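For reference, the structure discussed in these notes is given below.
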Amino acid sequence: MSEFLSDRGVLLLLLLLGTAFTFAWTMLNRDRLRFKWYIAAPLALLHTIVGVAAVVAFAKLENIGRGVSSESVTFSLFGAIFFLPLFYYLLAKLSKRKMADVFDIFTVSMVFTLLCARINCLFEGCCLGARIPGTDGARWPTRELEIAFYVVILTFLILRIQSKKNYGEIFPLYMVSYGAFRFVIEFFRATLSEQVAGKVPEQGAGSIFHLSHLWAILSVCIGLSIYYEVKKRHSKNHGGKKK
């Protein structure tokens, strides 16, 4: 991971911003998490470290045998979706906090950090969109659209948590929404191997399936199953009424 962070000053600044947000967000919701500042501060840093390790590790794993050098692999945001839940589970168990509270609160931190990671793509020049047919090299603004998505979903999740209408469904809602969004936007993106080779495809949308389409479908399916299970359990415990 040290190699990944070397010579990436902008990314480091964005990750520090994500860490600061996690700390502030944790303290803002201390009535539910009951973490003192001297616990929340190192926890925020650990959250960032685990998140970076997750997206880097997942990127390397998904490119094994695909002819892409490890130096060309940066990160895969799906790593956070599939690996960070284990961190949240262990955090809830070890700290004896409610599983629903830990997942709900820290999902917002994850989304903000991933927003920072996608903003970094603009500076790194990675995660490009495919060329728009009939134009002089113009590309689909996939990174910008994903940033806009994160802003919208982040606003929605924060408002939902602040209104105290959440009961453990925040993470699966994010999984479903991001999976659905990513499945569509992935048609407009160039694959990593194409970007490394400098061959950004000329085709229009819908002509190429990527590995990320599979992760997107998996994210939607897992998210829906978790959501309905959480919703069923909540309805059973509260007589069908939300908090």
Exercise. Looking only at the stretch 124-149, which residues are out of contact with any strand residue (DSSP E or B) (no Cβ under 8 Å at 6 or more places or on another chain), modelled with pLDDT of 90 or more and open to solvent by 20 Å² or more (accessible area, probe 1.4 Å)?
Worked result: Glu144, Leu145, Ile147, Ala148, Phe149
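With respect to Cys121, is the statement that it is touching a Leu at 6+ places or on another chain (Cβ under 8 Å) and not in a loop (DSSP other than H, G, I, E, B) true?
On the way: touching a Leu at 6+ places or on another chain (Cβ under 8 Å): no; not in a loop (DSSP other than H, G, I, E, B): yes.
The answer is no for Cys121.
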Problem set entry | Extreme residue, most open to solvent (accessible area, probe 1.4 Å), among residues of the stretch 222-238 that are within 26 Å of Arg189 (Cβ to Cβ) and either within 16 Å of the chain's Cα centre (by Cα) or among the acidic types (Asp, Glu) (or both) | Ile222
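Listed here are the residues, each with its yes/no results for (1) without any contact (Cβ under 8 Å) to a residue 24 or more places away in the chain; (2) within 18 Å of Ser219 (Cβ to Cβ).
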site	(1), (2)
Leu45	no, no
Lys60	yes, no
Leu84	no, yes
Tyr89	yes, yes
Asp101	no, no
Cys121	yes, no
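Could you please give the count of residues in the stretch 20-34 that are farther than 18 Å from Leu115 by Cβ and either in contact (Cβ under 8 Å) with a residue 60 or more places away in the chain or among the β-branched types (Val, Ile, Thr) (or both)?
To start, the set of residues in the stretch 20-34 that are farther than 18 Å from Leu115 by Cβ comprises 27, 29-34.
Filter again for either in contact (Cβ under 8 Å) with a residue 60 or more places away in the chain or among the β-branched types (Val, Ile, Thr) (or both), leaving 29, 32-34.
So the count comes out to 4.
The values are calculated or read from the model by the stated rules, or taken from the named source; none is laboratory data. This is a predicted model, so every value here is computed, not measured. Don't worry about glycine lacking a Cβ; one is built from the backbone with ideal geometry, like all the others, and counts go over all protein chains shown. Note: areas computed on protein heavy atoms with side chains; ligands, DNA, RNA excluded. Shrake-Rupley method; radii C 1.70, N 1.55, O 1.52, S 1.80 Å.
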